[in-house]
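What follows is a set of notes on a single structure, which appears directly below.
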Amino acid sequence: ARSDGLEGQVSGARVIAQALKTQDVNYMFGIVGIPVTEIALAAQEVGIRYIGMRNEQAACYAASAVGYLTGRPGVCLVVSGPGLIHGLGGMANANMNCWPLIVIGGSSERSQETMGAFQEFPQVEACRLYSKFSARPSSIEAIPSIIEKAVRSSIYGRPGACYVDIPADFVNLQVNVNSIKYVECCMPPPISMAETSAVRMAASVIRNAKQPLVIIGKGAAYARAEESIRKLVEQCKLPFLPTPMGKGVIRDNHPNCVAAARSRALQFADVIVLLGARLNWILHFGLPPRYQPDVKFIQADICAEELGNNVRPAVTLLGDINAVTKQLLEQFDKTPWQYPPESEWWKVLREKMKSNEALSKELASKKSLPMNYYTVFYHVQEQLPRDCFVVSEGANTMDIGRTVLQNYLPRHRLDAGTFGTMGVGLGFAIAAAIVAKDRNPGKRVICVEGDSAFGFSGMEVETICRYNLPIVLLVVNNNGIYQGFDTDSWKEMLKFGDATTVAPPMSLLPHSHYEHVMTAFGGKGYFVQTPEELQKSLRQSLADTTNPSLINIMIEPQATRKAQVKRCCCCC
Ligand code: ADP
Ligand code: MG
């Protein structure tokens, strides 16, 4: 019997934790404070891992990455008002990426509502723009069903973010155990399939294609459709192109991958099979001049409202990518067909790939110092373990890195994504490392950051060190946003006035020793300026399976991508 007289009683915090655990939610990221600390404690008591972060935004990025990686949402726990508002960036990012996420926000006491309570804010309303579902349980008894609904909504249909608001007075309120009914774990998302006639029509359009192309998006990665998509591509001998996070659904070094001829493939394809990717800015909206005006899109997506956005598709396949791809495979099993490997289209693509690859190799082999992006990434690629997670953000760092750093496994690349969010890298890396610890111990996480991108969530290095996650952080440092200045030019410039009036807004402090951020918390730090130093420090970092490290890689401050043509965005 308990001495506190609470026999048979349960706190609101405990009900929340138990309800989450019942829904098979296993990871919670956040920052505690009034009124949510007890929720984090209760989560640990019921066996949910709690990872305390340094900024709610990064916590929210981490929780959303768990959703993408495991198919089960992670939780981001935030305090009221400013805590919740800091988390909105992460919520927006998750929702834009179509990744499941549960945000649980403490809010001010109900009895003080509208009175100017501590950190009072209309939180449920605020979250609506950033989520699929946003609600406050009407009582503690209602918590389990609201949490079940939030978890279910986050993974059913198009995945996304859901918000549950918890008034401060719920957290410590004690209620009779028997008054709480936990709702059974929601069923896995129902699998929807495309209409048979549409599948037949799609197969026929593919069979008649002269210059076909399969585009694999992160929706396909999320759907775990790798096996069936690889079968389709191999059986029909189709060229394919991954989107940034579609990388690895089929390994990048697959002979049918035409990523090195991306623009050419998009521009001249006459039939495009779009598997879990939106025709947004990343894919240039599917419109000329980047595409043929009469290109036939076969658009497969789980979200009906997505079908027909920006183009009029030749065929729409509404359903789960894995199921739909299997339906297509059935058609090609019935009447086998393959795209002729000796076609002119393959020749064009292969030639373009060869010349593009030669160009990057040439840049990579440049011996001049400071190094350029290509030199850095070629040396990194040489040493990366094949099964590692590659997390990346920054402008040139992410874009050039994407072309050189290879992915061999699905869901092993995490980057700025649909929303182009900077600051996601460390949170994503932490999530990947935590999930790897549970599921694939020994698997490494490499986080490739531009110096500007690193700054957004740099204090999460402390989180990395606190939980002893052996993440290898690479900061590709050009002293600025897009571009920067070397130390001499920076000093010279300051002779003409105060930095606030003369320094270009893109510049950051030259020669910054970001590696000290890591050594400050006990990790390993390296400052490298040459290919040899880079190779050596990376070898040491990868050999060290217990400590995190940060390699600060100085590159040419004015280095850019290979062609000096004007581009509008990172995917051009
Ligand atoms: P990318 O960034 O790779 O181009 P997007 O995020 O733009 O990809 O598109 C992903 C698409 O995948 C979204 O339209 C989403 O609705 C869809 N999607 C998510 N899960 C599934 C699934 N299981 N089956 C089919 N489509 C899915
Ligand atoms: Mg930079």
Normalised convex hull volume, segment 230-308, alpha-carbon set, Å³ per residue = 99
key: Candidate lysines for bridging to Lys149, where Cα separation is under 27 Å - those fewer than 8 sequence places away on the same chain excluded   = Lys21, Lys132, Lys181, Lys218
message = With only alpha-carbon atoms in the gyration tensor, what are the semi-axes of the equivalent ellipsoid for segment 193-328, in Å, largest first?
response = 18, 18, 15
message = If DNA, RNA and ligands are ignored and the probe is 1.4 Å, what is the ranking of Arg278, Arg224 by accessible area, most exposed first?
response = Arg224, Arg278
ask   = Accessible surface of Phe285 in the full protein assembly, 1.4 angstrom probe, to the nearest 10 Å²?
value = 100
message = Could you tell me which residue out of His511, Pro557, Val472 lies farthest along the dipole of segment 429-557 toward its positive end? Charges go on the beta carbon: Lys and Arg +1, Asp and Glu -1, centred on the Cα centre.
response = Val472
key: Protection proxy ranking of 92-104, 20-32, 74-86, 536-548 - average other beta-carbon atoms within 10 Å, highest first   = 92-104, 74-86, 20-32, 536-548
ask   = Rounded to the nearest 5, what % of the DSSP beta bridges within the chain are antiparallel ones?
value = 5
message = Can you tell me the length gained on complete extension of the stretch Asp333 to Cys303, counting 0.36 nm per residue apart and subtracting the Cα distance?
response = 8.1 nm
Pair Glu351, Asp387: separation of 7 Å Cα→Cβ label points (nm) = 4.2
task = Can you tell me the FRET efficiency between Ala499 and Lys231 if r is taken as the Cβ-Cβ distance and R0 is 51 Å, rounded to the nearest 0.05?
result = 0.30
Length added when fully stretched, Ser489-Glu342, from 0.36 nm per residue minus Cα-Cα = 47.5 nm
query = In nm, to one decimal, how far is the modelled label at Leu509 from the one at Ser179, with both set 7 Å along Cα→Cβ?
reply = 5.5
query = Tell me, what is a quarter of the convex hull surface for the C-alpha atoms of segment 308-356, in nm² with one decimal?
reply = 5.8
key: Carbon plus sulfur fraction of accessible area for the chain, probe 1.4 Å, in percent   = 55
inquiry  = At 1.4 Å probe radius, can you tell me the per residue accessible area of the chain in Å²?
reply    = 41
ask   = Semi-axes of the chain's equivalent ellipsoid from the Cα gyration tensor, sqrt of 5 times each eigenvalue, largest first, rounded to whole Å?
value = 40, 34, 20
key: Pairs of lysines in segment 334-410 (C-alpha under 24 Å apart; 8 or more residues apart or interchain)   = 5
Segment 416-572, Rg to Rh (Cα coordinates; Rh as Kirkwood inverse mean 1/r) = 1.00
Packing-based ranking, highest mean first, of 462-470, 251-259, 146-154 given that Cβ atoms within 10 Å are counted = 146-154, 462-470, 251-259
ask   = In terms of Cα to Cα distance under 17 Å, which aspartates and glutamates are near enough to Lys247, apart from those fewer than 8 places away along the same chain?
value = Glu226, Glu227, Glu234, Asp387, Glu393, Asp399, Asp415
request  = Run down the lysines and flag those whose C-alpha is under 21 Å from the C-alpha of Lys524, throwing out any fewer than 8 positions away in its chain.
outcome  = Lys437, Lys443, Lys536
note = Percent of all alpha-carbon pairs of segment 111-169 at distances over 18 Å, whole number, is 40
remark   = Rounded to the nearest 10 Å², the accessible area of Lys361 using a 1.4 Å probe with every protein chain kept is 120
key: Area accessible to solvent at Met193, 1.4 Å probe radius, in Å²   = 120
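The values are calculated or read from the model by the stated rules, or taken from the named source; none is laboratory data. These numbers come from a predicted model, not from an experiment. We place every Cβ from the backbone using ideal geometry, glycine too, and count neighbours over all the protein chains shown. These accessible areas exclude ligands, DNA and RNA; they are computed on the full protein's heavy atoms, side chains included. Shrake-Rupley method; radii C 1.70, N 1.55, O 1.52, S 1.80 Å.
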